[in-house]
Amino acid sequence: MAKKPVKITETILRDAHQSLVATRMRYEDMEPQLEALDKIGYNALEAWGGATFDTCLRFLGEDPWERLDKLKAHLKTPIQMLLRGQNLLGYNHYSNDVVKAFVKKASEHGVGVFRIFDALNDVQNLTVAIKAALECKEKPHVQGCLVYTISPYHTNETFVELAKKLEKMGVHSVCIKDMSGLLKPYVAEDLVKKLKAAVKVPIELHTHYTSGFGSMTYLKAIEAGVDIIDCALAPFACDTSQPCTETMIATLEGTVYDTGLSRQDLIPISKHFTEVKKRIIKEFNLKGYFDVNPSVLDFQIPGGMLSNLANQLKENGMEDKYQDLLDEMPRVRKDVGYPPLVTPSSQIVGTMATMNVMMGQRYKMVPKEFKDLARGKFGHAPLEVDKAFLHSIGVKDEEIITDCAVEDAKAATMAQFKEELTGKGYSNVSEEDILSYALFPQVAEEFFKAKGRM
Ligand code: CO
């Protein structure tokens, strides 16, 4: 049989610590092992984007752009970032001008793989970011995502149709992004087979171990022809994170799928990150581990958010409400047309469900973001939201949006954000700082002041 080596993308520098320790890994925690990681032969090292940008500014006192520069200085392996299309890394939709500037700067600073997704799988929200990434002069790899979810609307066929659209948009690969670990092994096998038959670009699979399927799902996907899998090194593997790198390498050794990567070379790296994890858990008083939870199939909460929710409830002394919240999530999700639950829809639905549970009455108070999601400000939901429901939460007919691109055009431009910062007394502001400010205005402003930049 012909050899068909499976490639591995390592997530320990981004998703793995986002999922297990609330994204609190510092650059200093990574640096001692960067050169060793670089020599392994990974397809890519996911190290930027997702929640890292926000966490750097908000909690770690690190400039995310400087972190990227430092990573790039040590790594020849492509650095992968996770980007939320028109949403970038913030919690709003941004103007096309801001999206283009962000992608261009990220590429200049060293992002080699742009993994781009939209929470609602609305391709309209991916168009500008994908095009901008394809036009970068550094020629980064551009990957489009199928955000995997289970609902009465979603089938493997709907995902194949989406993959065809992404391929037409010019992406270099397609990722099945299973952020909550919902993809069952035999469903994965069927989905990968169908995708391989329908599109020519490589297929990557990203899952979380939340419900305990991870390694089985990877194995069936590999047998069905998946090209790349996302894994995390042992100390940051499984639980709500990715399947274990070392385990997958060992599983495939001596088969036609042999990754060719050395498990021996990973031992000292994993040893280092075992100590890092212990330190982070202690410093930030985190839980750090999660039981396997097969009921994720019903409540569908992404790994990162599950850890944040558990920590939030713990802080508020409301651990006993956890199950009520998990039960309320799918009900709220149904009301807004079955969006996949991933940032920002997961936060919006999660917050609404939390309020419903805490107040003991559904939709007594409705946050603006939830109304925006329901009325289409962030794009089309998979299924149309019931008008009677929209009226019941206070949305008027004229507030219902059919084309969110029209709304995006009204969002602030780079020049406007620059003017705002200049008005606050920040002269000679860099384009990077304008972008940080555009994404997280208050947090960035405090950060700039703390660093003496304004
Ligand atoms: Co993930």
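Remarks
- Residues in the stretch 237-249 carry Karplus couplings, in order, of 9, 6, 6, 8, 9, 7, x, 7, 4, 4, 5, 5, 4 Hz; the curve used is 6.51 cos²θ - 1.76 cosθ + 1.60 with θ = phi - 60°, and Gly or Pro positions show x.
- Whole-percent carbon and sulfur share, accessible surface of the stretch 7-284, 1.4 Å: 53 percent
- Relative contact order of the chain, pairs being alpha-carbon contacts under 8 Å that are 6 or more residues apart, as %: 17 percent
- Each Lys or Arg adds one and each Asp or Glu takes one away; over the other residues whose Cβ falls under 12 Å from the Cβ of Lys4, this sums to 0.
- Of the residues Lys184, Lys321, Lys131, Lys282, ranked by 1.4 Å probe accessible area with the largest first, the sequence reads Lys282, Lys131, Lys184, Lys321.
- Protection proxy ranking for 142-153, 261-272, using the average of other Cβ atoms within 10 Å per residue and placing the highest first: 142-153, 261-272.
- In range of the label at Glu223: residues from the stretch 180-210 whose backbone nitrogen is under 12 Å from the point 7 Å along Cα→Cβ: 185-190
- The stretch 1-66: GluC sites (Glu not before Pro) in DSSP loop, at most 12 other beta carbons within 10 Å: none
- Note on the chain: Cα-Cα pairs beyond 37 Å make up 21% of the total pair count.
- Listed peptides 228-240, 430-442 by packing density, highest first (mean Cβ within 10 Å): 228-240, 430-442
- Pairs over the 22 Å Cα-Cα cut-off, from the set Lys105/Lys377; Lys334/Lys368; Lys278/Lys314; Lys70/Lys104: Lys105/Lys377.
- 25 Å Cα-Cα threshold exceeded, pairs from Lys200/Lys220; Lys139/Lys451; Lys3/Lys196: Lys139/Lys451
- Projected label distance in nm at Lys131 and Glu66, using a 7 Å step from Cα toward the beta-carbon: 3.6 nm
- The listed residues Lys4, Lys193, once ranked by accessible area (1.4 Å probe) with the largest placed first, stand as Lys193, Lys4.
- In the complete set of protein chains, residue-level accessible area for Thr259 is approximately 20 Å², probe 1.4 angstrom.
- Label-to-label distance, Lys165 versus Met359, with points set 7 angstrom from Cα along the beta-carbon direction: 3.3 nm.
- Which of Asn43, Phe114, His154, positive extreme of dipole for the chain (C-beta unit charges): Asn43
The values are calculated or read from the model by the stated rules, or taken from the named source; none is laboratory data. All values reported here derive from a predicted model rather than from experimental measurement. Note that each Cβ is placed from the backbone with ideal geometry, even for glycine, and that neighbours are counted across all protein chains shown. Accessible surface areas use protein heavy atoms only, side chains included; no ligands, DNA or RNA. Shrake-Rupley method; radii C 1.70, N 1.55, O 1.52, S 1.80 Å.
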